[in-house]
Each structure stands twice: as structure tokens, then as C-alpha cells.
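Remarks on the structure that follows.
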Amino acid sequence: MQKELITDATLVSNYIKGDEGALGILITRHKQRIYSFIYSKVYDKDIAEDIFQDTFIKVIRTLKRGSYNEEGKFLPWVMRISHNLVIDHFRKSNRMPKFSNSGEFSIFSVLSDSALDAEKTLIKEQVERDVRRVMDELPEDQKEVLVMRMYNDLSFKEISEKTGVSINTALGRMRYALINMRKIIDKHNIILTN
Amino acid sequence: MAKLYSQNPKREKIKRNPKQETVDFLLNYSKALNVLKFNNMNFETVLN
């Protein structure tokens with residue numbers, strides 16, 4: 001009770017003289033007002049806690065350095081420091097906007113990872129394996145043209161030179177290869193989708 | 001009519017306080033901080 005009667009000015013002067021307990025009284029006396037003020041601006045417990053801490057770190061350093069002058073009152077001075085730190089906080093967060101997933105809008109509905117996930121990778125491998133197996137069912141001449149065109153990326157002119165047939169024959173073999181593959185797929189009810 | 005004459009509900013302000021850890025940190029920081037003055041220069045040391 002006796003401590004409550006000591007004015008802020010006396011406590012500040014005692015603290016500057018080395019009485020560490022005086023700071024405890026000052027913090028206990030004003031913590032609720034200062035913290036509530038910061039919270040009313042930032043609406044986040046953790047950020048309010050950080051700003052409250054930074055405010056008093058500034059207060060402690062200024063008092064210990066002896067740069068504090070008793071012109072104004074202690075509480076308005078501390079409130080001004082916390083106000084400035086709140087402004088600094090908003091300046092920083094404007095420079096680096098943060099998205100939180102608290103409302104209806106979810107940032108992850110806009111951003112997506114283009115890489116395939118484990119399930120899609122497995123499906124892709126399976127589809128590719130099935131296509132290979134279907135190709136194995138084709139006659140050798142059709143399979144040869146298909147592999148050269150689709151896997152080796154050769155033009156029909158290059159295929160005709162390599163296989164020693166005309167371009168039209170190579171085109172025809174490619175056409176029959178695709179028709180036959182579709183038939184095999186339909187016959188065995190193979191699903192080749194991702 | 002009853003509603004018109006009823007008292008306004010008291011708006012209680014929620015009292016918010018910082019965590020005790022934060023206050024303890026500040027008190028310990030204050031004890032650890034030492035400022036040395038030398039020719040218009042300030043040297044701050046935190047002894048922990």
C-alpha cells in the first residue's frame with residue numbers, strides 16, 4: 001500500500017539512482033494500460049507482447065543512459081514510445097504483407113504446387129507402364145515407327161530414311177499403330193488417365 | 001416498451017495484461033544492463 005503512494009517521478013528518479021525495485025513497481029502500475037493500448041491497435045496477443053517488451057527495453061535503456069528528462073510525465077512518455085513502435089510495426093507489415101488463413105479466403109486456393117504429389121507420380125508411372133505394354137502388342141513395323149516418332153522425336157522423313165520405306169508408308173504405319181492401340185485399350189478396358 | 005426503459009448493458013472493458021514472463025524478462029534485463037559513460041560516449045553491456 002505504501003508503495004502505491006510513491007509518485008512515478010520519485011520511482012523514476014530512484015530507478016536512475018540504482019533502485020531496481022522501482023522499475024518493478026512502475027511496470028506493475030502501468031502494464032495493463034500500456035498493454036491494452038497496444039492490443040487495441042494490433043489485435044494480436046503475441047505482437048502486443050513483443051511491442052510491450054520493446055517499449056520497456058527502450059524505457060530501460062533511456063533511463064539507464066540518463067537521457068530521460070522529467071519534462072513530461074512518465075506514463076504519457078511510455079505511451080508515446082509504444083505508439084511509435086505500433087506505427088513501426090504497421091510500416092514493417094505493410095512492406096511485407098502477410099496472409100493469414102483466418103477468414104473465408106484461403107491463400108492456398110490461389111497458390112498451388114505444380115509439382116506432382118506422391119499419388120499423381122504413382123498414377124503417371126502406372127499409365128506410362130500400361131502404354132508400353134499396349135505398344136508391345138503391336139506388330140513390329142508399327143511399333144518401330146511409333147517409338148521413333150513419339151519417344152525419339154524423329155520426323156517422318158527421318159523415319160522413312162532409317163527404316164528404308166517411303167514417308168507415306170511410315171505415316172500409314174503410324175496411323176495403324178494408333179488405331180490398333182485404341183482397339184487394344186477398348187478391348188481390355190484399360191483406363192489411361194491421370 | 002419494457003425494452004425502451006431497460007438499462008443499457010454495461011460494457012465491461014476486458015482487462016488485458018502482458019504475460020508474467022515478459023515482465024520478468026524486463027526486470028532481469030534491467031538488472032543485467034549496465035551503461036558505462038566515457039567522454040560523451042555510452043557503452044552498454046548486458047551481463048547475463
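The values are calculated or read from the model by the stated rules, or taken from the named source; none is laboratory data. For clarity, every value in this text was computed on a predicted model and none was experimentally measured. Don't worry about glycine lacking a Cβ; one is built from the backbone with ideal geometry, like all the others, and counts go over all protein chains shown. Keep in mind that these areas ignore ligands, DNA and RNA; they rest on the heavy atoms of the full protein, side chains included. Shrake-Rupley method; radii C 1.70, N 1.55, O 1.52, S 1.80 Å.
Which of the residues that make up the stretch A:16-41 are assigned to a helix (DSSP H, G or I), open to solvent by 20 Å² or more (accessible area, probe 1.4 Å) and over 15 Å from B:ASN17 (Cβ atoms)? Write out each step before concluding.
Residues of the stretch A:16-41 that are assigned to a helix (DSSP H, G or I), as a first pass: A:16-17, A:20-41.
Checking which are open to solvent by 20 Å² or more (accessible area, probe 1.4 Å) leaves us with A:16-17, A:20-21, A:25, A:28-29, A:31-33, A:36-37, A:39-41.
Those that are assigned to a helix (DSSP H, G or I), open to solvent by 20 Å² or more (accessible area, probe 1.4 Å) and over 15 Å from B:ASN17 (Cβ atoms): A:ILE16, A:LYS17, A:GLU20, A:GLY21, A:ILE25, A:LYS41.
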Scan the stretch A:11-39 and report the pairs whose first residue is at the interface with another protein chain (Cβ under 8 Å from one of its Cβ atoms) and at pLDDT 90 or above and whose second residue is crowded, with 20+ Cβ neighbours inside 10 Å and not in a helix (DSSP H, G or I), with Cβ atoms within less than 6 Å and a gap of 6+ or a chain change. A:LYS31/B:PRO18; A:TYR35/B:PRO18
Which of the residues spanning the stretch A:47-77 are aliphatic (A, V, I, L, M), open to solvent by 10 Å² or more (accessible area, probe 1.4 Å) and within 7 Å of another protein chain (Cβ to nearest Cβ)? A:ILE57
Applying the selection to the stretch A:17-50, what residues are closer than 16 Å to B:TYR29 by Cβ and touching a Phe, Trp or Tyr at 6+ places or on another chain (Cβ under 9 Å)? A:GLY21, A:ALA22, A:LEU23, A:LEU26, A:ILE27, A:LYS31, A:GLU49
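Being loosely packed, with under 15 Cβ neighbours inside 10 Å and assigned to a helix (DSSP H, G or I) is the filter here; which residues of the stretch A:141-157 pass it? Even if it seems obvious, please write down each step before you answer.
Initial filter on the stretch A:141-157 (loosely packed, with under 15 Cβ neighbours inside 10 Å): A:150-153, A:155, A:157.
Listed by number, the residues that qualify are A:MET150, A:TYR151, A:LYS157.
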Return the pairs, sorted by first residue and then second, in which the second residue is not in a helix (DSSP H, G or I), the first residue lies in the stretch A:42-63 and is of a type outside the set (Lys, Arg), the beta carbons are less than 8 Å apart, and the residues are 6+ apart or on different chains. A:ALA48/B:ARG16; A:ALA48/B:PRO18; A:GLU49/B:PRO18; A:GLU49/B:LYS19; A:PHE52/B:PRO18; A:GLN53/B:PRO18; A:ILE60/B:LEU33; A:THR62/A:TYR68
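Output the residue which, of all residues in the stretch B:26-43 that are within 7 Å of chain A (Cβ to nearest Cβ) and of a type outside the set (Lys, Arg), is most open to solvent (accessible area, probe 1.4 Å).
Residues of the stretch B:26-43 within 7 Å of chain A (Cβ to nearest Cβ): B:26-27, B:29-31, B:33, B:35, B:42.
Filter once more, so that each one left must be of a type outside the set (Lys, Arg): B:26-27, B:29-30, B:33, B:35, B:42.
On the way: B:LEU26: 0, B:LEU27: 45, B:TYR29: 37, B:SER30: 0, B:LEU33: 5, B:VAL35: 28, B:ASN42: 72 Å².
Selected residue: B:ASN42.
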